[in-house]
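Asks: Take a look at the following structure, please.
The values are calculated or read from the model by the stated rules, or taken from the named source; none is laboratory data. Predicted model, so just to flag it, every value in this text is computed and none were measured. All Cβ positions, glycine included, derive from the backbone under ideal geometry; neighbour counts span all protein chains shown. These area figures cover heavy atoms from the full protein model, side chains too; ligands, DNA and RNA do not enter into them. Shrake-Rupley method; radii C 1.70, N 1.55, O 1.52, S 1.80 Å.
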Amino acid sequence: MALSIMHLFSKIKLGSAMVELKTLNLKVNHGIEGDINADPISPRQVLIVRYEDIFDLSIQPGELRENIVVQGIEIDKFIPGSLLTFESGAAIRLTFHCEPCKRIAHLVESLKSIQGKRGILGVVIKSGQIKVGSNFQVQTNKFPALSENPYKRFLNFIIKIPSGKVVTYKQIIKAIGVDNSYLRAIPIYLKKTSPVDYPVHRILDSKGYLITYVSLQKNKLEMEKVQVLSKADLLNNLNKNFVEIKDYLWEDGTLYLE
């Protein structure tokens, strides 16, 4: 059986339903044009599911909030690290499995029953238009699979932050491909990460403030030519150190392109 696209969907705005379309425009360093999840640093620009999996679970196309429903691809080839190349030349790198969550719990008897069948997330690595009914090819092991563990993805991301640059909690959330609820987990991740092995001092909170439990953060940033400013916090009778994010923010749209 030829590998082909059966359905295409996009989500235009927060809180809206998935819209079924005949074509999608894929764009490198972006994702799906017009889709709410488009983001240059995200490893979850696109969600792809196998028709065979949702058929077995009696789930209708679009109900898993997927963007692309494909058929014909064997389960042992539909894996993180594979490359999907479409007739137009557009291509998607599969990154990691989409985790079952409470948003889809009403569709299945248990979240365990959909484990491994929720679909795989991906990043657009070549631009082009894809359309319903068109064929595609799959190549396995073209890329390293991203870890299914968010903390490991966190480590793999922060180790790449260059000297003289910073990232914020919000940017980390996007770059490791997790829900905003994971903002609460970032302080936990920081506390258990070795400052010797990883540049945790280059991480700021979402407003650009330095983090109190990161040892010698101000000194380390200043040694890397990052200007640290101070603002009086009259309520708590202390000074808060911060960095002008726009001047030092590290943004790399090529993170998952190679």
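Asks: Looking only at region 48-71, how many residues end up being open to solvent by less than 20 Å² (accessible area, probe 1.4 Å), more than 18 Å from the chain's Cα centre (by Cα) and not β-branched (V, I, T)? Please lay out each step first, then the result.
Replies: Here is the first cut: in region 48-71, the residues open to solvent by less than 20 Å² (accessible area, probe 1.4 Å) are 48-49, 53-54, 59, 62, 64, 66-70.
When the remaining residues are screened for being more than 18 Å from the chain's Cα centre (by Cα), the result is 53-54, 59, 62, 69-70.
Applying the additional criterion that residues be not β-branched (V, I, T) yields 53, 62.
Number of matching residues: 2.
Asks: Follow-up question, since we're still on this one. Quick one: K117 ticks every box in (1) modelled with pLDDT of 95 or more; (2) assigned to a loop (DSSP other than H, G, I, E, B) bar one, so which box is it?
Replies: So the condition that K117 fails would be (1).
Asks: Give the number of residues within region 73-132 that are within 25 Å of P40 (Cβ to Cβ) and β-branched (V, I, T).
Replies: Total satisfying the criteria: 9.
Asks: Among the residues in region 3-21, are any open to solvent by 30 Å² or more (accessible area, probe 1.4 Å), closer than 23 Å to S147 by Cα, without any contact (Cβ under 8 Å) to a residue 24 or more places away in the chain and not in a loop (DSSP other than H, G, I, E, B)?
Replies: No.
Asks: Just the residues that are free of Cβ contacts under 8 Å to residues at least 60 places away in the same chain and not in a loop (DSSP other than H, G, I, E, B), please, taken from region 25-66. Walk me through it before giving the result.
Replies: Of region 25-66, the ones free of Cβ contacts under 8 Å to residues at least 60 places away in the same chain are 33-38, 51-52, 55, 58-66.
If the condition is that a residue be free of Cβ contacts under 8 Å to residues at least 60 places away in the same chain and not in a loop (DSSP other than H, G, I, E, B), then Y51, E52, F55 are the ones that fit.
Asks: Something else: Among the residues of region 74-114, count how many are part of a loop (DSSP other than H, G, I, E, B), in contact with a Gly (Cβ under 7 Å, 6 or more places away or on another chain) and either open to solvent by 60 Å² or more (accessible area, probe 1.4 Å) or at pLDDT 95 or above (or both). Show your work before the answer.
Replies: Narrowing region 74-114 to residues part of a loop (DSSP other than H, G, I, E, B): 74-82, 87-90, 98-101, 108-110.
Filter once more, keeping what is in contact with a Gly (Cβ under 7 Å, 6 or more places away or on another chain): 88-90, 98.
Pick out the ones that are also either open to solvent by 60 Å² or more (accessible area, probe 1.4 Å) or at pLDDT 95 or above (or both) and you get 88-90.
Summing the residues that are part of a loop (DSSP other than H, G, I, E, B), in contact with a Gly (Cβ under 7 Å, 6 or more places away or on another chain) and either open to solvent by 60 Å² or more (accessible area, probe 1.4 Å) or at pLDDT 95 or above (or both) in region 74-114 gives 3.
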